[in-house]
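Please treat every number below as a calculation from the coordinates, not as lab data. This is a predicted model, so every value here is computed, not measured. All Cβ positions, glycine included, derive from the backbone under ideal geometry; neighbour counts span all protein chains shown.
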Amino acid sequence: MDIDRLIEEAGFFEGVSPESKRILAQVCLPAEYRRKAAIFFEGTPGDAMFLLVRGRIRLHKTSPDGHDIVIKVIKPGEVFAEIILFEEKHYPVTAVALTPVLVLKLLRRDLLGLLGRQDFRNDFITMLLRKQRYLAERIRELTSQDVEERLRGFLREQYGECEIITPEINKKQLAAAVGATPETLSRLLQNLRRAKQLVWRGKTIRTTRDFWLG
């Protein structure tokens, strides 16, 4: 496995110096998980952050009434659980593999050691600030956009404006990912089908240009 190449291609590490990427690659530990396997659970001690190489991972929190609230669906090239390095000693969410996945695991003790290097620390802080801006935008979307806008944004982020999409998640999981109930998403899909903008048949979503134009 070419870990250096995976680090180089990961969007999270864009702009990081070649030396910092090389150092990161030296401490990465590859790990594979089967579909539906938990990478970690909410509230358990956090010992690592992760880079997703292949597959899709869902991050969710459990509400007091027992329902799962999807925080994000992680796609290849993204980093998750980095919060345990600074703010949390326990994982604040549960991470579950939606498909068979391959991750690179970066142990907390190794990363804390690397943060003693000023050049690496500066690069890493830049990465975290970029991630925080994304999360702030995600919160804004969930609170200000309607379900159709959130669906369009989710599909665009995960797959691009493709005519044919083969999602790794089912409709119930997609509803949770866009902050909607399954019933609300089902009604939306029916409306989009009648408008000839989007059709979800079997494992394939077909879209038209009108859907992406909104």
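Can you work out ³J(HN,Hα) from phi for every residue in the stretch 48-57, in order, using Karplus 6.51 cos²θ - 1.76 cosθ + 1.60 and θ = phi - 60°, giving whole Hz and x for Gly and Pro?
For the stretch 48-57, the Karplus-derived couplings read 7, 10, 9, 10, 7, 9, 8, x, 9, 10 Hz, x marking Gly and Pro.
Give me, ordered by chain and number, the residues 5 or more places off VAL53 or on other chains with an amide H under 5 Å from its own placed amide H.
Answer set, sorted by chain and number: GLY77, LEU102, VAL103, LEU104.
Taking every pair of alpha-carbon atoms in the chain, what share in percent sits in each 5 Å bin, from 0 to the bin with the longest distance?
1, 6, 14, 18, 18, 16, 12, 8, 5, 2, 1, 0
So what is the 222 nm mean residue ellipticity for the chain from helices alone, if each DSSP H run of at least 4 adds -39500 (n - 2.57) and you divide by all residues, rounding to the nearest 500 deg cm²/dmol?
Numbers: 8 runs with 89 residues, N = 214.
Value at 222 nm, helices only, nearest 500: -12500 deg cm²/dmol.
Name the long-range amide H neighbours of GLU42: under 5 Å, sequence gap of 5 or more, or other chain; modelled H, no Pro or chain starts.
Under 5 Å from the amide H of GLU42: THR94, ALA95.
Count charges around ASP47 for me, please; just the other residues with Cβ under 10 Å from its Cβ, Lys/Arg as +1, Asp/Glu as -1. Could you put the intermediate results ahead of the total?
Details: positive: LYS89, LYS105, ARG108, ARG109; negative: none.
Result for the local shell: +4.
Report, ordered by chain and residue number, the lysines lying within cross-link reach of LYS172, taken as a straight Cα distance under 28 Å and ignoring same-chain residues fewer than 8 apart.
LYS36, LYS61, LYS72, LYS75, LYS131, LYS196, LYS203
Under the Karplus relation 6.51 cos²θ - 1.76 cosθ + 1.60, θ = phi - 60°, what is the ordered set of whole-Hz ³J(HN,Hα) values for the stretch 189-202, x standing for Gly and Pro?
4, 5, 5, 5, 5, 5, 7, 6, 10, 8, 10, 10, 10, x
How many angstrom separate the Cα center of the stretch 3-56 from the Cα center of the stretch 168-201?
If you average the Cα positions of each part, the centres end up 31 Å apart.
Roughly how tilted is helix 18-27, in degrees to the nearest 10 and between 0 and 90, from the longest Cα axis of the chain?
With both axes taken from Cα atoms, the answer is about 90 degrees.
What shape does the stretch 26-80 take by its C-alpha gyration tensor, where a ≥ b ≥ c are the square roots of the eigenvalues and a/c under 1.5 counts as rounded, a/b above b/c as prolate, and the rest as oblate?
Working: a/c = 2.13, a/b = 1.62, b/c = 1.31.
Prolate is the answer for the stretch 26-80, as a/c is 1.5 or above and a/b outweighs b/c.
Rounded, prolate or oblate: which one fits the stretch 142-207, using the alpha carbon gyration tensor with axes a ≥ b ≥ c (rounded when a/c is under 1.5, else prolate when a/b beats b/c, else oblate)? Don't skip to the end; give the middle numbers.
Values: a/c = 1.34, a/b = 1.21, b/c = 1.11.
Since a/c stays below 1.5, the shape of the stretch 142-207 is classed as rounded.
What is the angle, in °, between the Cα long axis of helix 147-159 and the longest principal axis of the Cα atoms in the chain? Nearest 10 is fine, range 0 to 90.
Tilt of helix 147-159: around 50 degrees.
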